[in-house]
Amino acid sequence: MNQTPAFTLRQNIEALTLVFNPKTAVDLNASIQFNVSGSEPGIYTLQIANNECVFHAGAIPKPTLTINTPAEIWLGILRGQISSQEALVKGQYSVQGDLSVLRKWSTLFQRGEQNDFHAPASQRPAGPLLWNGTTWMTAAFVPWIIHWIIFGSFGWSPVVSIGLPWLLAVLIVAYRWRFNHPDWLELGGVAFFTLAGLMTLAGVQVFHTWGTVWSNLFLGALWLASLLADKEPLSMQYVKWNFDRRMWRFSLFTYINAAISLVWGFQSVLAAIMGSLGIIFPANLGIFTILRYLTLAPAYYFTGWYPKAGMQKPVKDTQLAMRRLRSGCVAGMVIVLGVFVFSLLV
């Protein structure tokens, strides 16, 4: 990856893990600590071990090499605008520790090469099915789609409209558990359709009216909760398989998927609200049903547009941005709870 001028110094240092060449680091065990001053102060560390390079913020005891630098100087070096050797001779930055690691820099981090971070064809969730992550996400949505199409329509009984999606969701989870591990969307499908089946058997009449709305609320809660309770947002759990494993630890990649997951969470919540309005105002059911499905359009557009836009013009502080996204998730969960309680009281 060529570090782009839009990247902050922290993001540029973190992106070095993406251009790390393990072939030049055989048996190398080293840590490089950056003590940064100037416009972007901070302490960052690259740890090289077992032919991998891992980034984290903060200091470590006894780093192999310490680089003391103003942000502007090292950012210029990483962008190829400043010669690292000339800057060192001029005293624009200083180093302590094993200088041999610094001398290997150009071979350890091959910044000038065009790197392809798409995963090889062999990288996919384990199992005999040759499906990539995106295909598995589509498969995990199928039980929900079946439920939305046939629940309460065409005279289908609950045995079919709930039992069929439940059976399919269970089969998907069983397969994934056997060969890899199921993700939030797959486990959520089993959980929802199990609860739906129990409510149907118990004769909970309100579910017959509000079932599809509740399914949207449950799905929205899954999207939002994944940002609050998991290191990998729901979309990342599937999309990551399409990319080199080094990308999985890149905070900007995680943030982009978190933003996509938040958008889909609110799409599900908005769809639930449209469905609720259709129930409350049955004379306008057709209009609200159309609006309900139109909420998919901006979510699909954002999903296709933002990954590229987010890399070209990334947020300056992914940690702060993630905290803001999580605040949005909390607001979304409050709306989910509010709509659910409203459905019980109507």
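Structure data summary
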| quantity | calculated |
| --- | --- |
| Candidates R326, R246, R178: whichever shows maximal mean-square fluctuation once the chain is modelled as a Gaussian network with Cα springs under 10 Å | R178 |
| Ordering of 166-175, 286-295, 117-126 by packing [mean C-beta count within 10 Å, highest first] | 166-175, 286-295, 117-126 |
| Dipole-positive endmost among L99, M199, T134 within the chain (Cβ charges, Cα centre) | L99 |
| Choice from Y238, Y255, Y306 with maximal GNM fluctuation in the chain (Cα, 10 Å cutoff) | Y306 |
| Fluctuation leader among W144, W264, W305 - the chain, Gaussian network, Cα springs under 10 angstrom | W305 |
| Charge dipole of region 1-120 about the Cα centre (unit charges at C-beta), most positive-ward option of V19, I77, A49 | I77 |
| Rounded if a/c under 1.5, otherwise prolate or oblate - the chain, Cα gyration tensor axes | prolate |
| Rounded tilt (10° steps) of 285-294 against the dominant C-alpha axis of the chain | 20 degrees |
| Whether region 299-346 is rounded, prolate or oblate, judged on the alpha carbon gyration tensor where a/c under 1.5 counts as rounded | oblate |
| Degrees, to the nearest 10: 251-280 long Cα axis against longest axis of the chain | 20 degrees |
| Spherically averaged projected area of region 158-228 from its Cα convex hull (nm²) | 4.9 nm² |
| Lys, Arg +1 and Asp, Glu -1 on Cβ, resulting dipole of region 133-345 about Cα centre, debye, nearest 20 | 660 debye |
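A short reminder: the numbers here are calculations on the coordinates, not readings from a lab. Predicted model, so just to flag it, every value in this text is computed and none were measured. Here Cβ is always computed from backbone atoms with ideal geometry, including for glycine, and neighbour counts include all displayed protein chains.
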